[in-house]
Structures are given as structure tokens and as C-alpha cells.
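Report on the following structure.
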Amino acid sequence: MPRPILATVHPEALEHNLNQARVRAPDARVWAVVKANAYGHGIERVFPALRSADGFAMIDLAEAERLRALDWRGPLLLLEGVFEPRDLELCSRLNIWHAVHCTEQIDWLAAHKTHAPHRVFLKLNSGMNRLGFRPEAFRAAWARLNALPQVEEISLMTHFSDADGPRGIAHQVAAFEAATADLPGERSLCNSAAILRHAQSPLRGVGVSTLAADWVREGIALYGGAPDHPEHTAAGWGLKPTMSLTTKVIGVQSLQPGDTVGYGSAFTADVPMRVGVIACGYADGYPRHAPTGTPVLVSGVRTRTVGRVSMDMIAVDLAPLDAAGVPAGIGSEVVLWGVSPSTGAELPVDEVARSAGTISYELLCAVAPRVPFADPA
Ligand SMILES: *Cc1c(COP(=O)(O)O)cnc(C)c1O
């Protein structure tokens, strides 16, 4: 028998979360962001549930090819554009749109002998200082692209650094407005946090139409994570968990006061208690930094991890189950995050991430290759 660890993707939750984006940004077309193998879910696994998206956005050309192999004929967008000139060949052949964020990418286009003219998303660095042209260089980049026979259509995009937090987006929206005011072309600004927190609240001097049109780029909210946890929860945003990571109890120990658990003896029992040992560890993608107290569901009951996460195992506190008279032993169901198949109880991935000092994005993307996924229901 294989190890009992299993990841399950919930297609109906993906559909539901996509519909939530439609409710919040009704005038926009939605890019379903499927970079990092659909945030760890698997592009092929999420595709049937997300096929009503208006397009798919990713980083890697190979992921774009996988969407075409699934017979997706609609828009595809490379969010970082091409990494070398020969990538343009595949973009022409498979009709993949691509971001243009630096002068070199324009040089490559100018030298490219294209089959078909390209649609590009010219990226403004409106303050994040990661990718994009600075405002004073934006217009010249646009004019240069506009003069190229290789370019058919230019859209305009930028990315927010603080849509999830107190600084907000107003300063970046203002920079975008100023740099693009009289330029034609479709716009794309919002990520999940901006869709959830800002798309419906017009900023001073900026219409909803500018912000949430023409394309929004939704990632984590599709996958049931709250980008601004713990200020908001996924459930509070009306989002459903799209992935469950489950396993089983494979060992049980009865501890006496003073007994320790695991490497480094990082946990010491102060009362008699039972701990379960579960088949999940950091080699499955579970965060090694998750401290004692990280939430976990055993038989649908919320309890905590104890001691250090090891490569293949984690110990969990069975005392809450014993106190409640819930039987627990070898074979008991464990939910690391997501939904309990037996009781429907939920453990938000955001809570596990927070306990481990990270974000849901990282946990979802980090599910390791050795973890099998359940066949679609
Ligand atoms: C990843 C990414 C997104 C999606 O971000 P979420 O916070 O997951 O919604 C949007 N735009 C760009 C450019 C990205 O790289």
C-alpha cells in the first residue's frame, strides 16, 4: 500500500471562486493565473473547472503549451514575457500574448521574423520596482512597439505591491493613469487582493472602469486563499478551499510528563497524553518551520502539531479527541489543510500558513512531487 498521504482538488470550489471574481469585477475579463502549475494544483487538473475563464496567464512557455495541448484556443498571456528571442517563435506559432517589460524584449521583437503579428502587454513599473518600464520611459517604449510590424496590438498593464495591505493601490493607480492617459489599448491592473479589496471602491478621480477593466488577473483567490489573511478570511471573502491535503495516523504514543517528542526534543509533555504520528513531513511540502501548535484536523476534530516536523512524519496531539471521546488511533483520518472528507470540517490553508510564518501561496505551490493527487471525482 502506498503512503496514505493524498492531495485532492475540488473542481466545484474552483468554479465557485471564479464566479466570485465575476461578481466582484463584473465588467472585466478574468485571466485565471495558472503559474507554478496552477499554484500547485496541476494545470490539467484545474482546467476543466476554469474553462469559463476568459484567458489563462502564466510565467512559463511550457505551461502555455500545456493549455494549447488541452485544446484551449482562447487567450494565453506570459506575465513576464519572453526570456530569450527564440521564445518569440513559439509565441507566434501558438498565438501566445506576452508582457513586454524591458528594452531588450522590444529589441528581440524588432529582430524577430514573425509568422503572425504579436499581441503584447506593455508593463509599467508604477512603483513596485520589480518588472516594467518607469513612467518616464513608458511612452517611448509604447511608440517603439507601435511602429513595429511584428506587433499587432498593445495592451497596458501594471502590478500592485500593496493591494493586500494598508498602503493600498492609490499611488500606483495614479502613476498608471498619468503614464497611460492618452494611450489606446486594453488595461490590466488587478490581482486577487485588488479585485477583492479595491475593485468596487472607486478611488478619488479613478473610475471603477479603469481599475477593474479590461482584464483582471486572479490567482490565489481562485485557489481559495485570502490574499489579506488574517485581516480577512477566505470564507469571509466567499471563497471555498480548492485543495485538501490529507493523510492518516500511522503510529500512536502514550506520553508521561517529562517525555519529549521528535528531533531536538522540541516538545515536552507536562501531563499524560497520547500523540498520533501522521504520514506527512517536509518532504511532502509541509513547512518544516511549522511550530508546535500548528492546527491540524484528526477525525474532523481540530488539534495541533507537537514537536518538530520531520521529513516523513509529524506528531499531533490526540488529547482534544480523547477528551471529547472521539476515537483516534492507527488509520484515523488527518487533514493538513482543506476539507475533511468524512465530516466536512474545514481547516483553512491560510491558518496553517500563518502558523508557519508564511502564506497560503507557498504551501499550495510546495506540495511535493511524491504526493499523489486523487483522481477527479
Ligand atoms: C501571480 C500574479 C498575479 C496573481 O496574483 P494573486 O495575488 O495570486 O492574485 C497577477 N499578476 C501578476 C503579474 C502575477 O505575477
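Every read-out reported here was derived from the displayed coordinates using simple, explicitly stated rules and does not represent laboratory data. Every value quoted in this text rests on a predicted model; they were computed, and no experiment measured them. Note that each Cβ is placed from the backbone with ideal geometry, even for glycine, and that neighbours are counted across all protein chains shown.
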Estimated Rh, the chain: Kirkwood, alpha-carbon pairs, angstrom: 22.4
DSSP beta bridges in the range 11-223 [antiparallel fraction, %, rounded to 5]: 5
Pairwise FRET efficiency - Ile330 versus Leu90, Cβ, R0 = 41 Å, nearest 0.05: 0.20
Size of charge dipole - the range 62-207 - debye, nearest 20, with Cβ of Lys, Arg +1 and Asp, Glu -1, no other charges: 180
In sequence order, calculated HN-Hα J values of the range 102-112 (Karplus, 6.51, -1.76, 1.60; Hz; x Gly/Pro): 8, 4, 4, 5, 6, 4, 4, 4, 5, 8, 7
By average C-beta atoms within 10 angstrom, highest first, the peptides 319-327, 188-196: 188-196, 319-327
Equivalent-ellipsoid semi-axes of the range 11-223, from the Cα gyration tensor, Å, largest first: 25, 24, 13
Those lysines that a straight Cα-Cα span of less than 29 Å connects to Lys240, excepting residues fewer than 8 apart in one chain: Lys35, Lys248
222 nm mean residue ellipticity, helices alone, for the chain (DSSP H n ≥ 4; -39,500 (n - 2.57); rounded to 500): -7500 deg cm²/dmol
About the Cα centre, charge dipole magnitude for the chain (Lys/Arg +1, Asp/Glu -1 at Cβ), debye: 120
Choice from Ala163, Ala181, Ala49 with maximal GNM fluctuation in the chain (Cα, 10 Å cutoff): Ala181
Mean Cα-pair separation over length for the range 45-124, i.e. relative contact order, pairs under 8 Å, 6 or more apart, %: 25
Cα shape, the range 1-71, gyration tensor, a/c 1.5 rule: oblate
Cα-based Rg and Dmax for the range 243-365, where Dmax is the largest Cα-Cα distance (Å): 13.3, 38
Derived scalar couplings ³J(HN,Hα) [the range 327-341; Karplus, 6.51 cos²θ - 1.76 cosθ + 1.60; whole Hz; x for Gly, Pro]: x, 8, x, 3, x, 5, 6, 10, 10, 6, 7, x, 10, 6, x
